[in-house]
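Read-outs throughout are calculated quantities, based only on the coordinates presented, and are distinct from any laboratory measurement. Being a predicted model, the structure only gives us computed values, none of them experimental. Cβ atoms come from the backbone with ideal geometry, glycine included; neighbour counts cover every protein chain shown.
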């Protein structure tokens, strides 16, 4: 295990790149903490490379933290390049880290292909990053792009999409109306659930989906007719 509190605090341990790939997850976690503590530019590539393959969630979270400790002017270009990787985890982790850094210069790299990535984890990370990085005046276009995927995936994926949409605020209303008019009942139910969350952020997504499915099944007129 590589100790974080080294006696040579001003010079990074040359063993750190190897330690990032150690067999023991605790050792990898300590290495990631040490890299973030030193933030030596020479370790940036090793850190990004490890993000693409690290299997442990807590280690990945620490790798992200470590990357936020580097100057954004060197980190953001490296992460943008990673968005073109063929490895889904590399794209997902790069997007996640960009959302944590919050540097608006990364916005042009959040492409339509990433927002619609076939891998759900990549798409979810892209949605979160987009909401954080979208510049003023482009929220409406982003809302339309996100709403075009209403009905996608399982409950967790749909919750992520709804949260991203709701984070954009009332600008999503026109896009939701398109979803509410869809011929696909799954899309309509998801749009209804998202609309409910927009109006009442404290409402749980599960109950919102249940109510939305009831509305879709009965039709809004029949639902209104059963109200007390």
With R₀ set to 45 angstrom, the calculated FRET efficiency between the beta-carbons of residue 136 and residue 15, to the nearest 0.05, is 0.50
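Using mean Cβ contacts within 10 Å as the protection proxy, how do 136-149, 80-93 order, highest first?
Working: 136-149: 16.4, 80-93: 18.1.
Result, highest mean Cβ count within 10 Å first: 80-93, 136-149.
Calculated FRET efficiency, residue 56 and residue 145, Cβ-Cβ r, R0 41 Å, to nearest 0.05? List each step's numbers first, then the result.
On the way: r = 32 Å, r/R0 = 0.79.
Calculated transfer efficiency: 0.80.
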Rounded to one decimal in nm, the spacing of the 7 Å Cα→Cβ label points at residue 80 and residue 199 is 4.2
For the pair residue 111 and residue 73, the simple spin-label estimate (label points 7 Å beyond Cα toward Cβ) gives in nm 2.7
Once both label points are put 7 Å beyond Cα along the C-beta direction, the residue 87-residue 103 separation in nm becomes 2.1
